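Every number here is computed from the coordinates shown, using simple stated rules; none is lab data. Because the structure is predicted, anything quoted here is derived from the model rather than measured. Here the Cβ positions follow ideal geometry from the backbone for every residue, glycine too, while neighbour counts run over all protein chains shown.
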2 protein chains.
Amino acid sequence: MKAGKGTVSDMEHHMSIQTLKRLPIYLTLLKEKQQSGTVNISAGAIAQELGLVEIQVRKDLACVSNGGKPRVGYVLDALVRDIEHALGYDNARDAVLVGAGKLGKALLSYGGFREYGLNIVAAFDIDERRCGTDESGKRILPMEDMKELCERMSIKIGIITVPAVCAQQVCDKLVDAGVIALWNFAPTHLKAPDNIMIKSENMAGSLAQLSRHLDEKLHAQEPHVPADKTIQYN
Amino acid sequence: MKAGKGTVSDMEHHMSIQTLKRLPIYLTLLKEKQQSGTVNISAGAIAQELGLVEIQVRKDLACVSNGGKPRVGYVLDALVRDIEHALGYDNARDAVLVGAGKLGKALLSYGGFREYGLNIVAAFDIDERRCGTDESGKRILPMEDMKELCERMSIKIGIITVPAVCAQQVCDKLVDAGVIALWNFAPTHLKAPDNIMIKSENMAGSLAQLSRHLDEKLHAQEPHVPADKTIQYN
DNA sequence: GAGAAATCTATAAAAAAATATCGATTTTGA
DNA sequence: TCAAAATCGATATTTTTTTATAGATTTCTC
């Protein structure tokens, strides 16, 4: 019973959330390797490059690929395809973004999301002065138009880049417009009905981790961190 | 043996990384509550607001606070102070940012980092045209000045907001300048010497989680997700 | 002031994730 | 062809994280 091929949902039962988060990291490395002409790659080599352990890489890859060969490793091209497929990068999803401030515009003009299977079709903002066309070529529309567009295009993903104080309100509006997955960049906790998923970027959490590391280093306590590889928490 | 008071490092042994990541989330909520005049709050109430379970909240808070009282809960003000202290928000850390593109500028002008104990003292960019003073009031300096400034100010935190292709090079330069904690926003894996910490924001990982949720919902498989609270993975 | 309710702490159990072990498979090269 | 080296997959163990249970403490109400 191998879950080798299929969409993300095909194997959701078998793939841990941690594995899911690592897949894009593997993918980035593998694509770099592709560029440099590599054809095969072993789990051990991947592990070394990423500072992980071999067994973990193998277990992760086992969730999406139908395996490598002893003495050879995985076929790079096939592995890339498998991961992309598992992550759904081969059928892009449309999304809207709300809040065309600095961060919103930065995300709009970041072209890389296409590669991740995400297509931001338009942005919305309450401030009419921001409306029009962004440098990125995306339309910035007034909030009033949001519901209609989301419904018409069956948009299921909403990206929230408004200040914390209005984030909940925006969240509610997006849900009302039929969005069921929210990517929240506002530093606040959002409430939504059951089975709406909210994924908040927790920048403060990241900072806390960096800060702890610094404390450990600067106060030079016993370094109970295996000192043989760069520290990279997730 | 209670780890009630102290810096982050005082209790690093006892606090899991997951707990560390949740602390800022509690803090955000607690501060909102403070605004609205609340004086005491119970672990159960916090859990409900954040969609967590009571026991988890209690265990997390036990790492930083010296406890609440039965029938009353925690004293809000004291709890806020304890968390802030545990996270080191009360002694700000200086940082530099490299890459004054859209994302870099967005982070520069986001005032909220001060609240998290992070103080971005300057930004650097190779493109001379970007140098000068940002709208945020922060200086944007040429890369050549970086090492000198970092050394002079003993900067230990570097924020990388350059394109993926130059991220490794920037990483190397920061390390050379004495930085030991890196916050990487470029979608690539960075290598650095031992005991340099790299915390990469894994946007693609977040997207993968949203995408999986969408797949589950849209293909309407059995909803093996406890359907009684909004889904909020970390 | 006694009993009930709420909430806490501490300890225990369960679940999830990471890591280790071991045997199997494929290629390489004598 | 056959042994050695590399690498894989499957299963087992350990560690980490989450959740549950049981008993103690504080406040409230009558």
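Assorted remarks:
- Just so you know, the Cα atoms of the stretch B:92-133 work out to an Rg and Dmax of 10.5, 31 Å.
- Contact order normalised by residue count of the stretch B:93-204, Cα under 8 Å, 6+ apart, percent: 24 percent
- Expected-Rg normalisation [2.2 N^0.38 Å, Cα atoms] applied to the stretch A:8-86: 1.00
- Computed over neighbours whose Cβ is under 9 Å from that of B:THR161, the net charge equals +2, Lys and Arg +1, Asp and Glu -1.
- Distant-in-sequence amide contacts of A:PHE124, defined by a placed amide H-H separation under 5 Å and a gap of 5 or more residues or a different chain, comprise A:LEU97, A:VAL98, A:GLY99, A:LEU141.
- FRET efficiency, A:CYS166 to B:GLN18 (Cβ-Cβ, R0 35 Å, nearest 0.05): 0.75
- Cα pair distances exceeding 43 angstrom across the protein assembly as shown, given as percent: 12 percent
- Too-long pairs where the Cα-Cα distance tops 23 Å, listed order kept, from A:LYS173/B:LYS21; A:LYS31/B:LYS199; A:LYS21/A:LYS102: A:LYS173/B:LYS21; A:LYS21/A:LYS102
- Cα-based shape type of the stretch A:14-168, given that a ≥ b ≥ c are square roots of the gyration tensor eigenvalues and the cut on a/c is 1.5: prolate
- Under 5 Å, built H, 5+ apart or other chain: amide partners of B:ASN184: B:ILE160, B:LYS199, B:SER200, B:GLU201
- Fewest-first ranking of B:LYS59, B:LYS138, using other Cβ atoms within 10 Å as the exposure measure: B:LYS59, B:LYS138
- 5 angstrom amide H check on A:ASN40, placed H, neighbours 5+ away: A:LEU76
- The stretch B:76-181 shape via C-alpha gyration tensor axes, a/c threshold 1.5: prolate
- Computed over the stretch B:8-86: relative contact order in percent, which uses C-alpha pairs under 8 Å that are six or more apart: 38 percent
- Remark: relative contact order (chain A) = 13 percent; criterion is Cα-Cα distance under 8 angstrom and separation of 6 or more residues.
- Cα gyration tensor shape of the stretch A:48-103, rounded if a/c is under 1.5, else prolate or oblate by comparing a/b with b/c: prolate
- For chain A, calculated [θ]222 nm from helices alone, where every DSSP H run of n ≥ 4 adds -39500 (n - 2.57): -12000 deg cm²/dmol
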